[in-house]
Amino acid sequence: MDYNHQEIERKWQDRWAREHLFETEADRARTKYYVLEMLPYPSGDIHMGHVRNYSIGDALARYLRMKGYNVLHPIGWDAFGLPAENAAIKSGRHPSEFTFTYIDRMRGQLQRLGFSYDWRREVTTCVPEYYRWNQWFFIKMFERGLAYRKEARVNWCTKCQTVLANEQVVDGCCWRHEDTPVEERELEQWFLKTTAYADQLLDDMKGLRWPERVLTMQRNWIGKSMGSEVDFDVDGLEESVRIFTTRIDTIFGCTALFLAAEHPLIEELIAASEQPEELAREVERIKASSVQTRVEVDLKKEGAPTGFKARNPFNGVDVPIWIANFVLMGYGTGAVMAVPAHDQRDFEFCSAYGLPIRTVIVPAQVAADARLKAGVTRPATGAEAFTDYGVLVNSGAYSGLGSEEAITRMTDDAEKGGFGKRKVYFRIRDWGVSRQRYWGTPIPMIYCNGCGIVPVPEEDLPVVLPRNVKLTGEGRAALASVPEFVNVKCPKCGGAGRRETDTMDTFVDSSWYFYRYTDPSIATAPFDRAAVKHWFPVDQYIGGIEHAILHLIYMRFWTKVMRDIGLVKFSEPVSRLFNQGMVIKDGAKMSKSKGNVVDPVAMCARYGADTVRLYMLFAAPPEKDLDWSDKGIEGASRFLNRVYRMVMRYADRLRDVSAGAIAAWNGANALSPEERRLARKAHRTLRHVGDDMEERWHFNTDVALVMELANEIADLAPSIESGAVRAEVLKSALEMLVLMLALFTPHIADELWEALGHQGSTLRVAWPAVDPALAAEEELEIPVQVNGKLRARIRVPVTVTDDEIRSLALAEPKVREQTDGQQIVKVIVVSKKLVNVVVK
């Protein structure tokens with residue numbers, strides 16, 4: 001009767017492996033379903049975040065298999081990256097040694113947890129058979145102008161000794177190191193043209209069943225702005241300054257022009273300045289601040305006057321040109337008009353430096369007052385800008401127009417006058433993919449003095465990482481120190497050439513790995529198109545929200561490129577996305593430095609994999625953070641022990657009993673009151689769990705209901721022993737209990753299923769059908785309000801009429817307390833849902 005989790009879990013894992021239980025082939029006779037969790041980085045051991053993520057995905061995959069779906073559920077390894085390289089630098093060993101050692105270790109840990117992965121489809125991104133296709137994709141993008149090289153100001157992590165994409169800078173620090181501020185450097189880099197797909201990345205969100213929070217983060221990161229460019233002539237120079245604005249309706253309120261410190265006109269202004277050295281110092285001071293710092297909301301607005309003026313083409317007014325720290329070259333034109341009355345950043349800057357503030361937009365109700373139309377010189381509040389649309393004032397011929405109409409008319413006039421035009425800008429920048437590290441995909445390009453940049457011929461792929469590399473983590477890219485790698489012949493002219501020595505951002509690896517799962521051994525293409533046609537799109541993707549503007553944008557971009565190359569015929573790789581919450585302890589994220597890490601391996605050894613999985617799903621709703629509790633996992637362990645003892649108590653007498661369908665027992669074999677009570681509880685629980693698996697994913701509630709069912713069976717022990725609950729009814733309820741547990745705790749479920757007289761795994765059993773009559777509620781709970789305030793709840797039979805509900809509500813003592821001595825005006829009955837008594 002003792003629950004020996006170690007013995008049971010080992011037994012069933014061995015049997016599952018022998019029977020190839022989790023292996024899947026495309027079966028076009030059944031509906032396909034692709035369940036995917038984000039692949040792990042092989043860093044040494046799995047952590048509780050992995051366990052939670054994969055427990056969610058495995059519960060879904062098991063349910064769908066039992067429902068008859070053709071389920072693809074693979075896993076692999078995001079195997080390139082800095083941790084292995086840094087470990088190699090410290091130890092003097094090759095990064096691959098760490099990587100494959102960790103993969104072996106983590107694979108064993110995932111198998112120990114019993115996740116239903118088809119291990120034949122395992123993908124490892126650091127092997128040449130995989131990364132050759134990274135290189136092939138790169139060349140295809142280069143041929144289409146989507147991969148290009150340029151000198152750019154880039155984010156540099158001093159600890160990683162490499163470039164970071166904009167998306168990899170979090171709060172001014174490296175995404176890997178919260179304590180390492182990012183520097184900016186000018187370097188020659190390779191970029192992928194994500195901006196070419198900016199509109200599509202926005203428009204295609206409409207069909208995605210993704211969390212709104214993720215979609216909002218992506219919309220903000222892509223940052224589409226529809227506005228106008230307007231040219232301001234600069235006094236004393238032949239050139240003009242082109243500004244971008246989304247609010248051309250406010251241009252009569254422009255009292256200054258702000259330039260980015262990196263603006264190309266700055267050098268001319270310094271050269272022509274009466275105080276060139278002072279202006280140059282101010283420019284360099286502002287440029288020394290990182291881009292991330294300069295876009296922070298609470299940034300202190302600072303700048304410097306250039307001594308030059310620019311002319312507003314709409315009213316001919318000359319305004320001073322300033323350099324401002326919050327204006328960047330990376331967005332728009334690197335020049336903006338300052339309208340302090342109607343932009344909060346401009347207001348703060350101009351207030352600090354005493355620049356004029358002129359109101360040109362007022363709310364519609366203010367505009368209706370003829371007295372105020374004559375002119376307002378300060379914002380209405382005096383403390384902040386009025387930034388909403390309204391009615392124009394102090395704007396010449398445009399005064400009296402609403403903002404929307406004024407924007408259209410003023411942009412038209414700028415285009416007719418030849419000093420402006422409509423323009424769309426995006427916040428998203430092209431993806432910088434060059435990394436000055438070793439453990440990544442070599443960029444397949446060759447530099448020739450005669451031919452320029454030449455891609456490696458496809459027949460020469462993959463460009464394999466050399467092993468004889470000394471890794472120091474300092475100075476130039478590690479590959480540059482290997483002459484036999486660097487020095488090659490130009491594929492075009494046969495002359496001396498030089499290989500690119502940067503490697504690709506590891507987010508390239510994870511941008512398409514899930515396609516490779518469909519046929520991981522194919523050598524002639526990145527994936528089998530027929531297999532992808534069957535399995536794609538991914539029906540359910542599960543992973544953390546921290547990837548919202550990294551991996552989850554890159555993979556969407558990659559799919560659109562593959563579509564344009566002709567590899568796929570769809571535009572989005574993932575239909576549904578779910579973001580699980582983190583696993584924390586003592587209110588904080590688990591980390592070794594905090595000393596609050598809970599080791600899944602140790603927990604499996606102590607309590608068993610099923611207990612760990614059950615606790616991960618029970619302790620909190622899956623989208624919320626889970627705060628680890630030692631008492632909580634002990635409670636989960638006690639529950640499984642109790643279920644094991646309970647089923648084993650009845651197993652021998654039930655083994656040869658045929659449960660049949662409970663519905664067939666109605667009539668001649670009518671259910672006793674105790675049997676009906678048990679059957680109703682079992683079918684209601686089954687209905688709730690099934691509904692949740694289809695849509696809501698309230699796993700914590702599901703587990704709680706399964707626990708209630710187990711308690712119900714335990715409470716009925718006297719009736720079971722007396723015969724008031726027949727063996728057939730008991731076995732049916734126990735079978736449903738076990739099959740529901742199979743989603744969350746598969747090892748113990750298979751053991752108990754076998755004990756009840758069945759052969760094989762629960763994964764081969766069809767999900768039981770719910771009996772609607774038994775699952776139906778016999779009573780309803782109806783809230784009763786008095787004048788809209790809840791005063792009582794009444795329980796009524798499901799067959800109750802509205803008149804009966806009315807009478808019962810009025811007779812309820814708590815309602816009578818509120819109505820005695822009052823005139824009842826009317827009683828509103830929303831049939832079987834709500835009663836509202838109106839009194840006066």
Students often check this: by mean Cβ neighbours within 10 Å, which of 748-759, 216-227 ranks highest, and how do the rest follow?
748-759, 216-227
How far, in degrees from 0 to 90, does helix 5-18 lean away from the longest principal axis of the Cα atoms of the chain, to the nearest 10?
80 degrees
Kirkwood hydrodynamic radius of the range 24-170, Cα pairs, Å:
18.2 Å
Which angle between 0 and 90 degrees, to the nearest 10, do you get for helix 699-715 versus the longest principal axis of the chain when only C-alpha atoms count?
10 degrees
So, in Å, what gap is there between the alpha-carbon centers of the range 763-786 and the range 388-427?
60 Å
In nm², the average projected area of the convex hull spanned by the Cα atoms of the range 687-755 is 4.8 nm²
Helix 212-222 sits off the longest principal axis of the Cα atoms of the chain, rounded to the nearest 10 on a 0 to 90 degree scale, by 20 degrees
If you take the charge dipole of the chain about its Cα centre, with +1 on Lys and Arg Cβ and -1 on Asp and Glu Cβ, which of ALA414, SER96, TYR331 is farthest toward its positive end?
SER96
Can you list the HN-Hα couplings for the range 254-260, worked out from phi with the Karplus curve (6.51, -1.76, 1.60; θ = phi - 60°), rounded to whole Hz and with x for Gly and Pro?
5, 10, 6, 10, 10, 10, 6
Check the straight Cα-Cα distances from LYS789 and name the lysines below 26 Å, setting aside those fewer than 8 residues away within the same chain.
LYS814, LYS826, LYS832, LYS833, LYS840
With Cβ to Cβ distances under 12 Å as the rule, what net charge do the other residues near PRO772 carry (K, R +1; D, E -1)?
+1
Once you charge only the Cβ atoms, +1 for Lys and Arg and -1 for Asp and Glu, what is the size of the charge dipole of the chain about its Cα centre, to the nearest 20 debye?
1180 debye
Consider the candidate values (i) 181; (ii) 213; (iii) 236; state which one is volume of the Cα convex hull per residue in Å³ computed from the structure displayed.
(iii)
Roughly how many debye, to the nearest 20, is the charge dipole of the range 698-831 about its Cα centre, given +1 on each Lys and Arg Cβ, -1 on each Asp and Glu Cβ, and no other charges?
600 debye
Using the Cα centre of the range 690-840 as origin and beta-carbon charges of +1 (Lys, Arg) and -1 (Asp, Glu), tell me which of ILE782, THR762, LEU734 is placed farthest towards the positive end of the dipole.
ILE782
Over the range 100-199, what number does the Rg to Rh ratio reach, with both radii from the alpha-carbon atoms and Rh per Kirkwood?
1.08
Hey, can you grab everything whose amide H is under 5 Å from the amide H of LEU626? Only 5+ residues off in sequence or another chain; H modelled, so Pro and N-termini drop out.
MET582, VAL583, ILE584
What is the local net charge at ARG793, summed over the other residues whose Cβ is closer than 11 Å to its Cβ (Lys, Arg +1; Asp, Glu -1)?
+1
Near the amide H of ARG242, under 5 Å away, which other amide H atoms are found, from residues 5 or more places off or on another chain, if H is placed in the peptide plane?
PHE232
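What net charge is computed for the residues neighbouring TYR389, neighbours being all others with C-beta under 15 Å from the C-beta of TYR389, Lys and Arg scored +1, Asp and Glu -1?
Details: positive: ARG247, ARG409; negative: ASP249, ASP343, ASP388, GLU404, GLU405.
So the surrounding residues net to -3.
Show that you can apply the helix-only estimate: for the chain, add -39,500 (n - 2.57) for every DSSP H stretch of four or more residues, divide by all residues, and state [θ] at 222 nm to the nearest 500.
Counting only the DSSP helices, I get -11500 deg cm²/dmol.
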Report the semi-axes of the equivalent ellipsoid for the range 701-840 in whole Å, largest first, where each axis is √(5λ) for an eigenvalue λ of the Cα gyration tensor.
46, 16, 13
Pairs from LYS90/LYS489; LYS90/LYS300; LYS67/LYS624 whose Cα-Cα separation, in the structure shown, is over 30 Å
LYS90/LYS489; LYS90/LYS300
Can you work out the accessible area per residue across the chain, with the rest of the protein chains kept in place, probe 1.4 Å, in square angstrom?
43 Å²
What is the Å³ per residue value for the convex hull set by the Cα atoms of the range 455-595?
185 Å³
Report the one residue of GLY497, SER481, THR524 whose Cα lies farthest in the direction of the positive end of the charge dipole of the range 465-530 (charges on C-beta: Lys and Arg +1, Asp and Glu -1; origin at the Cα centre).
GLY497
Quick query: amide H of VAL597 versus all other amide H atoms, modeled in the peptide plane; which residues come in under 5 Å with a sequence gap of 5 or more or a different chain?
SER591
Using unit Cβ charges (K, R positive; D, E negative) and no other charged atoms, how large, in debye to the nearest 20, is the dipole of the range 106-192 about its Cα centre?
500 debye
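The values are calculated or read from the model by the stated rules, or taken from the named source; none is laboratory data. Predicted model, so just to flag it, every value in this text is computed and none were measured. FYI the Cβ positions are ideal-geometry reconstructions off the backbone, even for glycines, and counts take in every protein chain you see. Quick note on the areas: whole protein, heavy atoms, side chains included, nothing else; ligands and nucleic acids left out. Shrake-Rupley method; radii C 1.70, N 1.55, O 1.52, S 1.80 Å.
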